[in-house]
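K.L.:
Quick one: the structure is below, and I'll ask about it shortly.
The values are calculated or read from the model by the stated rules, or taken from the named source; none is laboratory data. Keep in mind it's a predicted model, so treat the numbers as computed, not measured. Heads up, the Cβs are rebuilt from the backbone with ideal geometry, glycines too, and the neighbour counts pull from every protein chain shown.
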Amino acid sequence: MTQTGSNQRKLRLAVAGVFVAALVFGGWGLWRVVSPASADVRAQLADSRRALERLRGEHEELQQRVATLSRSDQISRDANRDLQGTLSERDEEIAGLRADVAFYERLVGATAQRRGLSVHALNMVPNESAWHFQTTLTQNLNRGAVSSGDLTVSIEGSRDGRLETLDWDALRQQEDAPPKDYSFKYFQQVEGDVFLPEDFNPVRVTVRLQPRSGRATEQSFTWADATRSSAPAIAAPAE
């Protein structure tokens, strides 16, 4: 090997050594710079994870509190609604009882006005295929005496633009339809069903009472009054 080639080889080795040394020194410096930053990031990550776990726990606790409060609020609303419903029912019962008392006082009270056979009330309610009527008959003119006879109903109205009256047979859809019987001392409720044509527009209802002895009596009610909600029915006392 010539002297020149040997020198070139030594020069290349020296350059390579310097390069390797530079790499080693640079890597050490980079580790010195990056290593603390990596530790800080890991610490921040750990802190974030701990904060996340804490927030998750607080969130779950809040959800449980909301659920508990919601249940309590729902229970309170349900209880209040039930109470209001009960109070409404009691108010209706009280109103019904007061109406009953007033009704009885008019019949048998010491200052009650004496009246003969009459129709105290009429209520008509629709059902699937007919109208159900309920009449309350009263009398206190002859106290203790029994009033008995027959009851029929007729309804005035219009059909095809013309006035028309449906008698008992037409309302019952039966020829020579038997009347409703009544027999009482002070009052009685008589009820039954009547059938109206689909194209018939009712206006007035007339209840006719034919006693076993004496003249017949009639009392009329507008259709609006007859179909208006009435007070609770009053049970007749046992004979």
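K.L.:
Within segment 174-202, track down each residue that is more than 38 Å from the chain's Cα centre (by Cα) and more than 22 Å from Ser213 (Cα to Cα).
P.N.:
Gln174, Glu175
K.L.:
Criterion first (part of a loop (DSSP other than H, G, I, E, B) and at pLDDT 95 or above) does Pro197 satisfy it?
P.N.:
Against the criterion (part of a loop (DSSP other than H, G, I, E, B) and at pLDDT 95 or above), Pro197 does not qualify.
K.L.:
Quick check: is even one residue across segment 165-174 of a type in the set (D, E, K, R) and either part of a strand (DSSP E or B) or modelled with pLDDT under 95 (or both)?
P.N.:
Within segment 165-174 (the criterion being of a type in the set (D, E, K, R) and either part of a strand (DSSP E or B) or modelled with pLDDT under 95 (or both)), the answer is no, since none of the residues qualifies.
K.L.:
Restricting attention to segment 142-159, does a residue exist that is modelled with pLDDT under 80, over 30 Å from Phe195 (Cα atoms) and surrounded by 17 or more Cβ atoms within 10 Å (Cβ to Cβ)?
P.N.:
Looking for residues that are modelled with pLDDT under 80, over 30 Å from Phe195 (Cα atoms) and surrounded by 17 or more Cβ atoms within 10 Å (Cβ to Cβ), one finds none in segment 142-159, hence no.
K.L.:
Would you call Gln210 assigned by TED's automatic domain parsing to the domain that holds Asn123, closer than 15 Å to Leu122 by Cα, in a strand (DSSP E or B) and of a type outside the set (A, V, I, L, M)?
P.N.:
It is false that Gln210 is assigned by TED's automatic domain parsing to the domain that holds Asn123, closer than 15 Å to Leu122 by Cα, in a strand (DSSP E or B) and of a type outside the set (A, V, I, L, M).
K.L.:
State yes or no: is Arg172 farther than 17 Å from Asn123 by Cβ and surrounded by 14 or more Cβ atoms within 10 Å (Cβ to Cβ)?
P.N.:
Answer is yes for this residue.
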